[in-house]
Amino acid sequence: MRKTIIAGNWKMHKTPASALSFVETFSDLEIYDHVRVIICAPYLALESLVQNANAPLEVSAQNLHQEEEGAYTGEISASMLTSIGVGITLIGHSERRQYFNETDSIVAKKVQQALAHNMEAIVCVGEQLSEREADQHEFVVSSQLKEALKDVSSSQMDRICIAYEPVWAIGTGKTASSLDAQAMSHHIRRILSDLFDDETASRCSILYGGSVKPDNIDELLMEPDVDGVLVGGASLDPVSFRSLVKAGNKK
Ligand code: PGA
């Protein structure tokens, strides 16, 4: 059975202190066995979140650098993350692609770097509005996926989740319809079958992201190929994040 994943992406929000006070309100959080709740926090907050055992939340980075170490001022490596107990990272979020020039081939290197350090990765893919309007969305997502996963083996896929985030739905209040989210998640699963095999594809969790809120999550999670959500804005507030987790318990 695939896990249901409720992942909050805090982006560039929260200091270490405000991150800690957020998770402290979750010490009583009930998470069912089929659910994983993951917070993708800014680098500076990661260590204190990992050390705080009071809340049943897993902690993820939002990014890592593709090289092992070296003269890359301002960057953070996989071994720095694992040394403080962070075993998960987002890779290839559309904001990284858009504002930090992350190409598909950099995304592929980052995936290799995460896997080389036994980390799990949530690999993000998604089309721009113009690409959807030109009916290119399936093509765009399949080329992003093929490039990102080109050197990944089927056994390594156990450590990879895919997040489908249409760029036009991120932070805009426009959610893809649950049918669109299902159609793309199904398409992604077919690509994974082609790249690997049916079993690998059926084991991989596929998340939807883009303006997910407490009032639209139920509908999205009802879709058979949508295994979870990656949530930006609505993950910053503990009350709305708690309702997202409750929705995950119900899937
Ligand atoms: P949003 O962001 O929920 O604020 O649209 C989602 C994301 O970028 O991961």
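The values are calculated or read from the model by the stated rules, or taken from the named source; none is laboratory data. What you see is a predicted model, and the numbers here were worked out from it, not measured in a lab. As a convention, Cβ positions derive from the backbone with ideal geometry for all residues, glycine included, and neighbour counts pool all protein chains shown. Heads up: the accessible areas ignore ligands, DNA and RNA and are worked out on the full protein's heavy atoms, side chains in. Shrake-Rupley method; radii C 1.70, N 1.55, O 1.52, S 1.80 Å.
In the stretch 13-32, the residues that are in contact (Cβ under 8 Å) with a residue 24 or more places away in the chain form Cβ pairs under 8 Å with partners that are β-branched (Val, Ile, Thr) and part of a helix (DSSP H, G or I), at six or more places apart or across chains, as follows: 29/245; 31/245.
Yes or no, residue by residue, for (1) open to solvent by less than 10 Å² (accessible area, probe 1.4 Å); (2) touching a helix residue (DSSP H, G or I) at 6+ places or on another chain (Cβ under 9 Å); (3) closer than 22 Å to residue 96 by Cα:
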site: 116; (1), (2), (3): no, yes, yes
site: 120; (1), (2), (3): no, yes, yes
site: 135; (1), (2), (3): no, no, no
site: 138; (1), (2), (3): no, yes, yes
site: 143; (1), (2), (3): no, yes, yes
site: 164; (1), (2), (3): yes, yes, yes
site: 187; (1), (2), (3): no, yes, no
site: 194; (1), (2), (3): no, yes, no
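Whether a residue is within 19 Å of residue 21 (Cα to Cα), within 14 Å of the ligand (Cβ to nearest atom) and surrounded by 16 or more Cβ atoms within 10 Å (Cβ to Cβ) was assessed, and residue 210 does not pass this test.
Within the stretch 133-165, the set of residues being under 18 Å from residue 228 (Cα atoms) and not aliphatic (A, V, I, L, M) comprises 158, 159, 161, 164, 165.
Of the residues 197, 135, 180, the single one that is among the charged types (D, E, K, R) and closer than 21 Å to residue 6 by Cα is 180.
Checking 46, 20, 29 one by one, the residue that is open to solvent by less than 10 Å² (accessible area, probe 1.4 Å) and not in a strand (DSSP E or B) is 46 and no other.
Identification of helices (runs of 4 or more DSSP H) wholly contained in the stretch 75-194 with 3 or more residues that are charged (D, E, K, R) yields 94-99, 104-116, 129-133, 137-148. For the residues 215, 158, the requirement of being within 16 Å of the ligand (Cβ to nearest atom) and open to solvent by 10 Å² or more (accessible area, probe 1.4 Å) singles out 215. The numbered conditions (1) away from the ligand (no atom under 16 Å from the Cβ); (2) of a type in the set (A, V, I, L, M, F, W, C); (3) open to solvent by 30 Å² or more (accessible area, probe 1.4 Å) are all true for residue 12 except (1). Filtering the stretch 222-232 to residues that are open to solvent by 10 Å² or more (accessible area, probe 1.4 Å) and within 15 Å of the ligand (Cβ to nearest atom) leaves only 232. Of all the criteria given as (1) under 17 Å from residue 240 (Cα atoms); (2) assigned to a loop (DSSP other than H, G, I, E, B), the one not satisfied by residue 7 is (2).
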